[in-house]
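Since the structure comes first, as structure tokens, the remarks are kept for the end.
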Amino acid sequence: MRSPDLLRFNLRLLTGQWFRSLMTLLATAVGVAAVLLLTGMGEGARRFVLEEFNLLGNDVLIILPGRKETTGGIPPLTGEGTRDLTLGDAEALLRLPGVRTVAPLIVGLAQVEANGRNRELVVVGTSRELFNMRQLQAAQGQVLPDLPLDRAEAVCVIGHAVRGMLYDQQPVLGRWLRTGDRRCRVIGVLEDRGVSLGTDLSESVIIPVASAQQLFNTQGLFRLFVQVQHLELIEPLKPAILDLIQQRHQGERDITLITQDSLLGVFDDVLQLLTLAVGAIAAISLIVAGILIMNITLISVSQRTAEIGLLKALGASERQVHRLFLSEALMMTLIGAALGILIGYGLLWGGHWLWPQFPVSVPLWALLGAVLLAVGVALIFAWLPARKAARLPPVLALKGITHA
Amino acid sequence: MIRLEQLCKRYQLGDEPVMALDHVDLGIDAGEYLSVMGPSGSGKSTLLNMLGLLDTPDSGRYWLGDTEVSALGEEARAAQRNRQIGFVFQAYHLIDRLSARENIELPLVLTGTAPEQRRPRVNDLLQRLGLERHADHLPNQLSGGQRQRVAIARAVIRKPALLLADEPTGNLDSHSGQDVIELLEELNDEGITLVMVTHDPNMGQRARRRLWMQDGQLLKDERDAQP
Ligand SMILES: Nc1ncnc2c1ncn2[C@@H]1O[C@H](COP(=O)(O)OP(=O)(O)O)[C@@H](O)[C@H]1O
Ligand SMILES: [Mg+2]
């Protein structure tokens, strides 16, 4: 039988019993749409998190004080080093060949007072380099000036939320603000980048690192960010950095080096697993659709025994009859899957339209997987009924209505 | 053309075995016109189904042309049915959702004949059987006689050597029955071998050769002197 003839033959069948066809079609469509929707949302969540964390860029190494014997897993977030990571270390690292820039980081809580209001806020001590690395820009004024690391200048840049908290809509540039017992002048307001899952700079006050050292009365840094000149230099620079620090710390390798990628890898793995799990749950609905297809095919076979007998009398072989019933199920599934893809993407785009900051994207494996699973399930579940039809002896099949 | 040797078929009817065909020997030449008569349950349909390769014998041999078809597998038998044999049934067995044209071309569709080759052949037959106006009608829009003519067209579209008709007039009034018989005889005149089961003695008498069956056995084999 030629494919167009087969197609037309099946189409007649499906439109002839449109209600039954529609129900089966919908079952498959709902299954496929569910897989797309759930994996699309999972993938969206993954991208959302990755984008949030990816602000540093993957050419940045993060140095934490203290050595942790972790292999994989989430690295320690609090340093318990025996020896502090100092600004001297930062300057030494900057002289290492292959290093582009180094940005120190100190983070602490302090009472912040301005405009007659008082809040406990995160105060971040760093240098201009951090703004470059994170591609942070000032919405008003400027970011931290380019100072020697050990110069404590009485200036600060405030986050977008801080501005609202302390000053409402009043102009802020040039006004004074008190952090702990030190005063500084506001020289810039950060642009609003929405919620950032990393350190939320929008609710913090940023001051030069040397000022922060005085404020928190410490020499030790919380982090050091090292940006390399080329992505390929990341790996070769790791031992060089460790050696340098070891040399400076009297033979102790008391730091932990992590890359953006290793940090993200963990999240990525977890979220991908989650997406997979959610997709698998949705896939169960496709199996249910498969069972429905089996029933439909069984009904179709028993209703059409006489027709099967006739087709065999006209010379259809067992293989042809088998193919006929399989292709009927297959066609129904493919139409259903196409409908499901439309519904799934429609809902996802609808969601994206409602919440534009949430990225939606169906992973290719989910799309292909859903369609293949639907087809596979249909073929497997229609196989037995189709074989039952194919094996029907032609005389018995014809008697189906001859003696009815 | 056809040779049956000691053909047997037994059915289990409840506890009791029924010999539907009981050691049947039969030879049919190409172009013959046979009627098969006998009481209900005597094995007429079983014989016809055997001839048409729809049923398999328990024992005995069957030659169709030069092939011993009783030794063939199901796939080969299906191919033989398609090429050599046409069936006409009492209940027409048309597919309801297909038009007259589509029903007629079904055997060609099954063998993968291209539409442009199917079309003229179907058109010829439609015209010949006076069905041109009904080509696009569904079976339930046709009268019994028209339906049976569509079924006959379907049976002969592949130009088979053997045409088997199981009570082709059983569901028809006498007038359309007469039409159908005349059509079958016309096809026979053109050379097709015709075997027709009937319980109507008047119909049966028209055949040049007449078989009577009872309890699965051939009771009588009667033929007219060749003209
Ligand atoms: N599939 C079957 N199963 C059981 N018995 C059958 C079957 N087909 C035919 N028979 C029996 O075989 C005998 C011959 O049947 P059949 O050839 O249909 O007779 P006829 O066509 O002469 O009326 C009958 O007794 C019938 O009951
Ligand atoms: Mg009968």
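Averaged over every viewing direction, what's the projected area of the C-alpha convex hull for the stretch A:341-404? Give it in nm², one decimal, please.
Spelled out: convex hull of the Cα atoms, projected over all directions, averaged, 7.2 nm².
Could you compute how fast the protein assembly as shown diffuses translationally, taking Rh as the Kirkwood radius over C-alpha pairs and applying Stokes-Einstein at 4 °C with viscosity 1.567 mPa s? Give it in µm² per second.
My calculation gives 40 µm²/s for D.
Per Stokes-Einstein, at 4 °C and 1.567 mPa s, what whole-number D in µm² s⁻¹ belongs to the stretch A:273-339, with the Kirkwood radius over Cα pairs as the hydrodynamic radius?
This corresponds to a translational diffusion coefficient of 93 µm²/s.
Round to a whole number: what % of the accessible area of the protein assembly as shown belongs to carbon and sulfur, probe 1.4 Å?
55
Could you work out the mean count of beta carbons from other protein chains within 10 Å of each residue's beta carbon in B:88-95?
Neighbouring Cβ atoms belonging to other protein chains average 5 per residue here.
Putting +1 on Lys and Arg Cβ atoms and -1 on Asp and Glu Cβ atoms, find which of B:155, B:20, B:47 reaches farthest to the positive end of the dipole of the stretch B:16-156.
B:155
Read phi for every residue in the stretch A:259-267 and hand back ³J(HN,Hα) as whole Hz from Karplus 6.51 cos²θ - 1.76 cosθ + 1.60, θ = phi - 60°, with x for Gly and Pro.
Couplings: 10, 3, 4, 5, 5, 5, x, 5, 4 Hz.
Compute and list, largest first, the equivalent-ellipsoid semi-axes of the stretch A:103-225 from the alpha carbon gyration tensor, each √(5λ) rounded to a whole angstrom.
19, 16, 13
How big is the A/B interface in buried accessible area, both sides summed, 1.4 Å probe, to the nearest 100 Å²?
That pair hides around 2500 Å² of surface in total.
Can you tell me what percent of all Cα-Cα pairs in chain B are more than 29 Å apart?
Cα-Cα pairs in chain B separated by more than 29 Å: 27 percent.
With N denoting the number of residues in the stretch B:1-64, provide Rg(C-alpha) divided by 2.2 N^0.38 Å, to two decimal places.
This ratio for the stretch B:1-64 stands at 1.13.
Taking every residue in A:303-314, how many Cβ atoms of other protein chains lie within 10 Å of its Cβ, on average?
Taking all residues of A:303-314 together, the mean is 6.
How do A:134-140, A:59-65 rank on mean C-beta neighbours within 10 Å, highest first?
Sorting A:134-140, A:59-65 by mean packing, highest first, produces A:59-65, A:134-140.
Counting only heavy atoms of protein chains, what accessible area per residue, in Å², does the stretch B:1-124 have with a probe of 1.4 Å?
On a per-residue basis, 41 Å².
Show me, for the stretch A:286-295, the HN-Hα J-couplings you get by feeding each phi into the Karplus relation (A = 6.51, B = -1.76, C = 1.60, θ = phi - 60°), rounded to Hz, glycine and proline as x.
Each residue of the stretch A:286-295 in turn: 6, 5, 4, 4, x, 5, 4, 4, 4, 4 Hz.
Measuring from label point to label point, each 7 Å out along Cα→Cβ, what is the residue B:220 to residue B:138 span in nm?
Simple spin-label model gives 4.7 nm for this pair.
Over its Cα atoms, what ratio of radius of gyration to 2.2 N^0.38 Å does the stretch A:254-386 give?
Computed over Cα atoms of the stretch A:254-386, the ratio equals 1.56.
The values are calculated or read from the model by the stated rules, or taken from the named source; none is laboratory data. None of these values were measured; they are calculated from a predicted model. As a convention, Cβ positions derive from the backbone with ideal geometry for all residues, glycine included, and neighbour counts pool all protein chains shown. For the accessible areas, the whole protein counts, side chains as well, though only heavy atoms, and no ligand, DNA or RNA atoms are used. Shrake-Rupley method; radii C 1.70, N 1.55, O 1.52, S 1.80 Å.
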